[in-house]
1. What spacing in nm lies between the two simple spin-label points modelled at residue 47 and residue 139, each 7 Å away from Cα in the Cβ direction?
2. What percent do you get for the relative contact order of the chain when only Cα pairs under 8 Å and 6+ apart count?
3. Give the calculated FRET efficiency between residue 60 and residue 8 to the nearest 0.05, with a Förster radius of 45 Å applied to their Cβ-Cβ distance.
4. Return the aspartates and glutamates within reach of residue 310: Cα separation strictly under 13 angstrom, same-chain partners fewer than 8 residues apart disregarded; answer none if there are no such residues.
5. Return the sequence-ordered ³J(HN,Hα) values of region 406-416 in whole Hz as given by the Karplus equation 6.51 cos²θ - 1.76 cosθ + 1.60 applied to θ = phi - 60°, using x for Gly and Pro.
6. Counting Lys +1, Arg +1, Asp -1, Glu -1, what net charge surrounds residue 500 among other residues with beta carbon under 13 Å of its beta carbon?
7. Please rank 497, 28, fewest neighbouring Cβ atoms within 10 Å first, as an exposure proxy.
8. Using 20 Å as the Cα-Cα cut-off, could you pick out the over-long pairs in 402/425; 200/269; 203/294; 48/484; 398/484; 48/420?
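Just so you know, all these numbers are worked out from the coordinates, no wet-lab data involved. The structure presented is a predicted model; accordingly, all values stated were derived computationally and were not measured. So basically every Cβ, Gly included, is an ideal-geometry build from the backbone, and we count neighbours across all protein chains shown.
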Amino acid sequence: LGSDSYECDCTRTGYYGQNCTTPEFLTWVKVSLKPSPNTVHYILTHFKSLWNIVNNVSFLRNGIMRYVLTSRAHLIDSPPIFNADYGYKSWEAYSNLSYYTRTLPPVPHDCPTPMGVAGKKELPDVKLLAEKLLIRRKFIPDPQRTSLMFAFFAQHFTHQFFKTDMKKGPAFTSNLNHGVDLGHIYGQDLERQHKLRLFKDGKMRYQVLDGEVYPPTVSEVQVAMHYPPHIPESRRFAVGHEAFGLVPGLMMYATIWLREHNRVCDILKQEHPDWDDERLFQTARLILIGETIKIVIEDYVQHLSGYHFKLKFDPELLFNERFQYQNRISSEFNTLYHWHPLMPDEFHIQDEVYNYKQFLFNTSILTDYGVNSLVESFTKQIAGRVAGGRNVAPAVLKVAMKSIEDSRQMRYQSINAYRKRFNMKPYKSFEEMTGEKEMAAELEEMYGDVDAVELYAGLLVEKPRLNAIFGETMVEMGAPYSLKGLMGNPICSPEYWKPSTFGGKVGFEIVNTASLQKLVCNNVKGPCPMASFYVILNKSFLSNEISHTVLSL
């Protein structure tokens with residue numbers, strides 16, 4: 001239509017008009033009757049007595065869980081549409097798996113401002129932005145009592161599919177599977193996997209220290225890991241992800257999952273003595289994928305949601321629904337998952353306190369204390385609140401700044417554009433965004449227009465929901481990405497979701513009864529420590545919980 005005119009394609013949007021903003025009648029009715037995300041959140045986090053009834057009536061719980069899954073997952077485009085270099089439909093954007101997909105297309109190069117038409121001609125200096133709005137003045141604990149056990153699980157779990165290709169740039173990923181494949185346990189490619197495998201009874205290679213199983217060393221298996229030169233060879237553990245030597249919490253989870261894989265192989269070997277190494281390995285991997293998804297939905301997402309409604313992992317809920325068993329990781333999902341405010345100022349393990357310099361790359365912490373003590377300590381230490389601003393620890397501030405720089409390189413649209421994309425009302429003022437005056441004034445000085453606030457900065461300064469770790473946008477964006485990625489896994493499809501996939505009833509039972517507590521208890525010696533994604537303050541309750549869990553194993 002020429003350079004000065006345009007036409008919007010309103011096909012199947014439920015809207016019409018030049019900008020596809022006028023709702024059709026049925027769309028108007030649907031939108032008018034649909035409660036706001038904050039209203040839904042309020043209902044799900046209140047009326048506990050009502051939800052206790054719902055949780056114990058199968059058809060009610062199943063119906064609500066089905067709605068939660070479909071309503072969230074349908075917000076994610078499948079097949080994917082855009083990437084950083086293609087802001088329009090193209091075969092390249094669909095087929096090139098080396099790109100992260102994009103939920104919204106990049107801001108065009110020829111727009112008058114970095115955010116399109118709103119805001120100033122230049123975005124604020126990243127260092128200034130970080131110092132004024134992101135860096136921690138004083139540690140702000142999460143009111144949901146999220147534990148470091150959660151923080152390290154989040155980091156460990158997401159690094160299997162958030163694997164930015166540093167050579168190509170932030171728009172590219174080196175993990176072409178785009179989902180929960182446990183590549184962070186088994187290795188991203190066959191070469192690494194084969195070096196980590198024992199090739200006997202399906203097991204992964206390991207070493208025994210003081211009677212406990214730990215990952216092998218780099219010198220034993222010859223896989224690349226990121227360690228500084230001063231780390232002794234005997235402390236350079238080798239696992240599926242090359243960066244997991246960075247933090248003892250990551251190596252703790254790597255050790256737990258290594259033990260779990262080999263434990264499952266022993267069970268499968270007993271059930272199927274005729275199976276060869278390859279089949280035992282492959283089936284154990286499928287079981288661990290199932291365990292992971294079960295734990296993420298019923299423990300991890302359950303905690304994050306704060307819901308009284310009890311979430312349920314049951315792939316059969318979607319068998320009669322319109323649902324695609326595929327997934328593509330979006331760069332926006334990668335960006336919003338940079339939850340650096342979770343990290344404390346220091347780390348408490350038993351009676352010792354470690355600063356970042358003492359903690360990072362210190363794999364001896366894992367072997368000196370053992371998995372039991374680390375689980376106990378990380379479950380007791382509270383993590384930081386993510387939303388609300390000014391809570392990024394100075395030690396990780398540069399990583400948060402890099403997230404903003406990468407977002408600018410990929411030309412993300414504003415946080416308000418993403419709010420509209422995920423069915424939220426755009427913020428009308430800076431004070432509405434932050435819920436206070438001081439940071440709102442700083443934002444206005446930097447950006448000039450509320451429609452020009454960047455996505456990542458907006459997510460971190462957004463006012464938190466009442467007594468919650470996140471603000472509205474983080475939850476309403478993050479949940480669709482998460483649930484689509486989890487339920488879009490092949491093991492959740494009708495063809496895979498059956499006992500035979502997992503080696504029979506015994507393997508299927510392992511998947512269907514998995515929990516964080518059970519994962520830990522099955523893979524430590526001696527008394528099982530409390531393993532929780534939230535800090536429990538009542539000691540008698542804590543003791544009762546462990547006793548109940550151990551008795552149920």
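1. 3.8
2. 22
3. According to the calculation, E is roughly 0.65.
4. 298, 299
5. Along region 406-416, the couplings run 5, 4, 5, 4, 8, 6, 5, 6, 6, 4, 5 Hz.
6. That works out to +1.
7. Ascending Cβ contact count within 10 Å gives the list 28, 497.
8. Cα-Cα > 20 Å for 402/425; 203/294; 48/484; 398/484; 48/420; rest within.
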